[in-house]
Amino acid sequence: MRGPSMRSAIAILLFCGATEAALAGSGNCRYRTYDFGSYENTTVDVPVTVGAGVICGTVLGETGGHYVEQTSIVVAPKHGAAVTRGLYVAYRSQPKYRGPDTFTYERTVKDRTGRRYKSRVRLQITVEP
């Protein structure tokens, strides 16, 4: 049986560009931090607001003995591009696009006992000017 002791507090950290100032929040990429848990076959919806043409990325971490080992895009966005590299997932809209977009990535996680499982994260994106 799974419960709070099996939950992984893997947080999303979204940022724009590659500067520390962007990490503090430039307004071009807004988000909330989520506890994804460690449940298999789960899709978590995450709302994100991003400026048009701005690179907005997700850095995955480890908590409670659950380690993200791999990520891959499973549903591509329609109005931009999404890529994965290691534990980093990034999105960028088409330069002049405004409106909703979404993409889904899958993550492979290894828990503290060595068991692996997969879950998905669907980013619900609002692209603003």
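The values are calculated or read from the model by the stated rules, or taken from the named source; none is laboratory data. Since we're looking at a predicted model, the values are computed, not measured. In this analysis, Cβ positions are derived from the backbone assuming ideal geometry, glycine residues included, and neighbour counts consider all displayed protein chains.
Residue count for the stretch 103-129 satisfying the condition of being of a type outside the set (Phe, Trp, Tyr) and crowded, with 20+ Cβ neighbours inside 10 Å: 7. For the stretch 66-77, does any single residue satisfy the condition of being small (Gly, Ala, Ser) and touching a residue at least 40 places away in the same chain (Cβ under 8 Å)? No.
Among the listed residues Arg115, Arg122, Arg85, Arg107, which satisfies the condition of being within 11 Å of the chain's Cα centre (by Cα) and at pLDDT below 90? Write out each step before concluding.
Numbers: Arg115 fails: within 11 Å of the chain's Cα centre (by Cα); Arg122 fails: at pLDDT below 90; Arg85 fails: within 11 Å of the chain's Cα centre (by Cα).
Checking each option against the conditions leaves just Arg107.
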